[in-house]
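The values are calculated or read from the model by the stated rules, or taken from the named source; none is laboratory data. What you see is a predicted model; the values in this text were computed from it and never measured. Neighbour counts are summed over all protein chains in view; Cβ atoms, including those assigned to glycine, are modelled from backbone coordinates with ideal geometry.
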Amino acid sequence: MIEACDVRSGGDGMAIQYRRLLAERRRPICPICRDCGRAQFPPMLICPQCGSSEIDWRDVGGSGSIRTWVPVHTSTTTDGFTIPKWLLADTPYSSVFVQPDALTQDLRLPSLMTGVDPSRLAAGARVVLEVGGDDQHPVVTSRLLDEPTEIEE
């Protein structure tokens, strides 16, 4: 357990807590019910399986498999569709939903994948899960396992 979900602060408070923990830990996380062990995403104030509000943030590891994805090819915004300004230069990108290896139950953890042609994505493809962005905009990212990593000199 990383820390208890602050369910008393409501949905907005849990979202703030989530972003803070991503920025501090730089590891993908999700809420898991303390009573029945159900993992959930998006975070909810009560467990959808047993109704408990005893929910903890937990690390979900650094690898998984693609379940599904949605490519975004446009940087044009409309009233119903907006892209964060910090992401505009990265189109096309894909919202990739990953089953983390550390979880035995079904969970689709959302992640951002940039710099990869969406035609290379496939259900079951292996990915590395990381946390990118800055402290103001931390985001779970994924990259194909066969993609090279940046080497710091």
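Criterion first (more than 16 Å from the chain's Cα centre (by Cα) and either in contact (Cβ under 8 Å) with a residue 40 or more places away in the chain or over 23 Å from Gly132 (Cβ atoms) (or both)) does Cys36 satisfy it? Write out each step before concluding.
Details: more than 16 Å from the chain's Cα centre (by Cα): yes; either in contact (Cβ under 8 Å) with a residue 40 or more places away in the chain or over 23 Å from Gly132 (Cβ atoms) (or both): yes.
Yes.
Kindly check whether there is at least one residue in region 51-62 that is among the polar types (S, T, N, Q) and assigned to a loop (DSSP other than H, G, I, E, B). Walk me through how you get there before you give the answer.
Within region 51-62, the subset among the polar types (S, T, N, Q) is 52-53.
Then keep just the ones that are assigned to a loop (DSSP other than H, G, I, E, B); that gives 52-53.
Taking every residue of region 51-62 in turn, at least one turns out to be among the polar types (S, T, N, Q) and assigned to a loop (DSSP other than H, G, I, E, B).
Please work out which one of (1) surrounded by 15 or more Cβ atoms within 10 Å (Cβ to Cβ); (2) under 21 Å from Arg19 (Cα atoms) is the condition Gln136 fails and give its number.
It fails just one condition, (1).
Could you pull out the residue among Gly132, Gly115, Gly62 that is of a type outside the set (A, V, I, L, M) and at positive phi?
Gly115
For region 114-128, give me each residue that is under 20 Å from Leu22 (Cβ atoms) and at pLDDT below 95. Spell out the reasoning first.
Looking only at region 114-128, we keep the residues that are under 20 Å from Leu22 (Cβ atoms), and these are 114, 127-128.
The answer is Thr114, and nothing else.
Could you pull out the residue among Arg27, Arg8 that is among the basic types (Lys, Arg) and not in a loop (DSSP other than H, G, I, E, B)?
Every option except Arg8 fails the conditions.
Run Ala15 past the list (1) assigned to a loop (DSSP other than H, G, I, E, B); (2) modelled with pLDDT under 95; (3) surrounded by fewer than 15 Cβ atoms within 10 Å (Cβ to Cβ) and report the number of the one that doesn't hold.
So the condition that Ala15 fails would be (1).
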